[in-house]
1. Quick check on my filter: what residues within region 17-30 are under 15 Å from the mean Cα position of the chain (by Cα), at pLDDT 95 or above and not in a strand (DSSP E or B)?
2. Determine which member of the set Leu87, Leu118, Leu79 is farther than 27 Å from Asn223 by Cβ, at pLDDT 95 or above and not in a helix (DSSP H, G or I).
3. Keeping to region 2-27, report how many residues are in contact with a Phe, Trp or Tyr (Cβ under 9 Å, 6 or more places away or on another chain) and under 16 Å from Leu252 (Cβ atoms).
4. Which of the residues that make up region 16-31 are of a type outside the set (D, E, K, R) and either touching a residue at least 60 places away in the same chain (Cβ under 8 Å) or touching a Cys at 6+ places or on another chain (Cβ under 6 Å) (or both)?
5. Taking region 148-166 as the search range and keeping residues that are hydrophobic (A, V, I, L, M, F, W, C) and over 20 Å from Leu134 (Cβ atoms), which one is nearest to the chain's Cα centre (by Cα)?
6. So which residues in region 228-239 are under 13 Å from Asp212 (Cα atoms) and surrounded by fewer than 20 Cβ atoms within 10 Å (Cβ to Cβ)?
7. Of (1) surrounded by 15 or more Cβ atoms within 10 Å (Cβ to Cβ); (2) aliphatic (A, V, I, L, M); (3) in contact with a helix residue (DSSP H, G or I) (Cβ under 6 Å, 6 or more places away or on another chain), Ala124 satisfies all except one. Which?
Amino acid sequence: MPNFDIEFAAITDIGKIRDKNEDNVLISSDIGLGVVADGMGGHSAGEIASNIAVSVLAETVRKINQHKMQIPPTFLPRLNFTERKLLLAANLANAAIYSTAQTSKLYRMMGTTMTGVLFENNFATAVHVGDSRLYLLRNEKITQITTDHSLVNEHIRRGLLTKEEAAHSNLQNVLTRAMGVKKSVDFDLLKFPVKVGDMMLLCSDGLYKGLDDKEIQQLLNKNKDLPLVKLCKLLVQMSNKNDGQDNITILLVKILPPRKVPFSQRLKHLFSGKK
């Protein structure tokens, strides 16, 4: 059993200029999963792709947990069970998006980013592709856990652009990796121990277009006692104030001391109507 409790909150916002929201966010507290996806493609294809990504990921993890689906023995046997489960779910989500994209010319170029984190056995395990991000705030210091799969980040890595130049580059929205574009995609898998007091932030690129890492860190530290939903709203408000040119999606996770009644048991009581 984990030595912590988890609190989730999320918000998604259309921004100031877009006529639709192609982001999707999902919280499955019962399985300790949070996911953010930022879709791309015209004719609502991006919205469909991001919805498939988050829903198939959660559905597959839940089915495996409930023994309604088995992980093939030959699927990445060198990894642990949680890692294999999360990667299998991500691969099935990619296949579902790619398959849907082949059904219509309107959907042919659909795709999405995805960043998801699963909490099991005192660890956070993340699966990631694209330029949505996972941040960890620990001891008041923020760290970007994921790596952006974007052309502008590749240019930064190679020394062709500084971070300051990249923030204003017209290459900002060019992805080097995304779900649904090909039959298979390489996902990043990241794992780190969880500590009481940690806060995690999953977000689409709309957030950090309006707020840099230092500003996000300052806002989280200054307002850490706010309810998570209000903190989500504050981050969106400030990002929209500074930019607002894209959809903004935020998922916050707070790691709390364990309670006497396990999280899963409290959920059972909640849905059964018992007190």
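1. Glu22
2. Answer to the check: Leu79.
3. 4
4. Ile17, Asn21, Asn24, Val25, Ile27, Ser29, Ile31
5. Leu151
6. The answer is Met238, and nothing else.
7. (3) is the only condition that Ala124 fails.
The values are calculated or read from the model by the stated rules, or taken from the named source; none is laboratory data. Treat the numbers as computed from the prediction; the structure is a model and nothing was measured. All Cβ positions, glycine included, derive from the backbone under ideal geometry; neighbour counts span all protein chains shown.
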